[in-house]
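Please read the structure below before turning to the comments.
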Amino acid sequence: RLTIAEGLTSVEIIALLTTTEGLAGPVPQRVAEGSLLPETYFFTYGDGRAEILGRMQRSLEELLEAQWRERGSGSPLRSKQEALVLASIIEKETGVAGERARISSVFHNRLRIGMRLQSDPTVIYGLTRGSGALGRSLTRDDLNAESPYNTYRVAGLPPTPIANAGRASIMAAFKPARTDDLYFVAKGEGGHVFARSLNEHNANVAKWRRLMRD
């Protein structure tokens with residue numbers, strides 16, 4: 001069996017497939033970002049790497065189609081691809097299962113009112129193009145840089161997914177929680193704290209900074 005972790009980029013998944021013992025044959029070196037479904041895939045010794053890759057793509061397409069048919073009304077997402085892009089951002093923003101739908105609600109609420117998403121993981125993807133971890137903190141220059149993935153400067157969603165989102169994040173993108181939240185910031189002890197107003201958010205950020213200093 002081969003287990004693909006949620007949130008890996010396509011470059012990282014291709015590298016994993018290439019080094020998996022028991023599989024045969026080459027694998028394409030360029031695969032569209034976000035087009036694979038991270039799960040555990042069982043295989044027989046000698047199965048082709050390209051075949052496993054195809055299964056990952058088909059599994060994603062089936063999940064997207066099912067979720068698109070069941071989507072609620074009033075969503076700002078205009079296509080399955082936009083939902084996939086948002087799912088990848090949710091995937092990179094939190095690893096806490098219980099938060100995904102609420103993180104999704106923040107981004108849905110921002111999209112509805114034309115507010116920029118201001119998501120750090122999108123900026124990081126613009127810098128690395130999925131090649132791996134950035135290896136440092138984001139700087140003010142990074143947040144001001146011209147890039148289609150810099151959601152601090154560009155309105156709406158980035159042009160492509162920024163990772164391969166897992167099943168739970170995809171479902172959260174289609175079915176966000178019902179909230180008035182517009183902001184979130186790390187608690188400093190795992191998870192995030194949410195806010196509806198900028199004043200409330202600034203207070204949460206100040207608390208997080210105190211925790212980081214301590």
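The values are calculated or read from the model by the stated rules, or taken from the named source; none is laboratory data. On a predicted model such as this, the values are computed, not experimentally measured, just so you know. When we count neighbours, we look across all protein chains shown, and the Cβ atoms used for this are built from the backbone with ideal geometry, even at glycine. For accessibility, only protein heavy atoms count, side chains too; no ligands or nucleic acids. Shrake-Rupley method; radii C 1.70, N 1.55, O 1.52, S 1.80 Å.
Things to note:
- Using the average count of surrounding beta-carbon atoms within 10 Å as a protection proxy, the listed peptides 18-26, 182-190, 33-41 rank, highest first, as 33-41, 182-190, 18-26.
- Semi-axes of the equivalent ellipsoid for region 1-148, computed as √(5λ) from the eigenvalues of its C-alpha gyration tensor and ordered from largest down, come to 29, 21, 12 Å.
- About the centre of its Cα atoms, the chain shows a dipole size close to 600 debye [charges on the beta carbon of Lys, Arg (+1) and Asp, Glu (-1) only; nearest 20 debye].
- Note, ³J(HN,Hα) from phi for region 125-138, Karplus 6.51, -1.76, 1.60, rounded to Hz, x at Gly and Pro: 5, x, 7, 9, 6, x, 6, x, 5, 5, x, 7, 6, 5
- Accessible surface ranking that places the most exposed of MET56, MET115, MET212, MET171 first, with a 1.4 angstrom probe: MET212, MET171, MET115, MET56
- Euclidean distance between Cα centres, region 172-214 to region 80-96, Å: 18
- Candidate lysines for bridging to LYS175, where Cα separation is under 29 Å - those fewer than 8 sequence places away on the same chain excluded: LYS80, LYS92, LYS187
- Solvent accessible area, Å² - LEU211, 1.4 Å probe, full protein context: 80
- When PHE194, PHE43, PHE107 are compared by accessible surface with a 1.4 Å probe, the order from highest to lowest is PHE43, PHE194, PHE107.
- Shape call, region 116-214: gyration tensor on alpha carbons, a/c limit 1.5: oblate
- In order along region 49-59, the phi-based Karplus estimate (6.51 cos²θ - 1.76 cosθ + 1.60, θ = phi - 60°) of 3J(HN,Hα) comes to 4, 5, 5, 4, 4, x, 5, 4, 5, 5, 4 Hz; Gly and Pro are listed as x.
- Taking every protein chain into account, the accessible area of the chain amounts to 54 square angstrom per residue (probe 1.4 Å).
- Long-range amide H partners of TYR183 with built H, under 5 Å: ALA195
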